[in-house]
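Enquirer: Can you keep this structure in mind? I'll have questions shortly.
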Amino acid sequence: MTGNTVRTNRLWVHVAMSLAAAGPLGGFLLGLLNPGDPDPNPVGRLVHACLLAVATPLHAGFPPHDQAGPGQTLNAWPHILVAFLLLLAWFVYRGRVSKAN
């Protein structure tokens, strides 16, 4: 019975760590996939991704755009969900591999 409890506790730890890291990672993915400028500059795209990695969690998944007034806002929640699922799968896989060794 204690083996099942340990697995459940470990899964909850993996979920908590994935939730904590999904916001910045989702913002980073949003910045990589939706560059701020139309120029395909790889350094600028990387800088924009780093900026959105910080701004996305601060703005609850809706990072600000560079234009004043109303307009289309970026929604990072689909990217955050994908980042959460990827992180959770990686943590669970890593936990199973380390337990097998």
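Only the coordinates and a few stated rules stand behind these numbers; no lab work does. Everything numeric in this text was worked out from a predicted model, so none of it was measured. Note: ideal-geometry Cβ built from the backbone for every residue, glycine included; neighbour counts use all protein chains shown.
Enquirer: Show me, for the range 11-19, the HN-Hα J-couplings you get by feeding each phi into the Karplus relation (A = 6.51, B = -1.76, C = 1.60, θ = phi - 60°), rounded to Hz, glycine and proline as x.
Expert: Coupling constants for the range 11-19: 5, 5, 5, 5, 5, 5, 5, 5, 5 Hz.
Enquirer: Can you put 46, 52, 29, 58 in order, fewest other beta carbons within 10 Å first?
Expert: Going from sparsest to densest Cβ surroundings: 58, 46, 29, 52.
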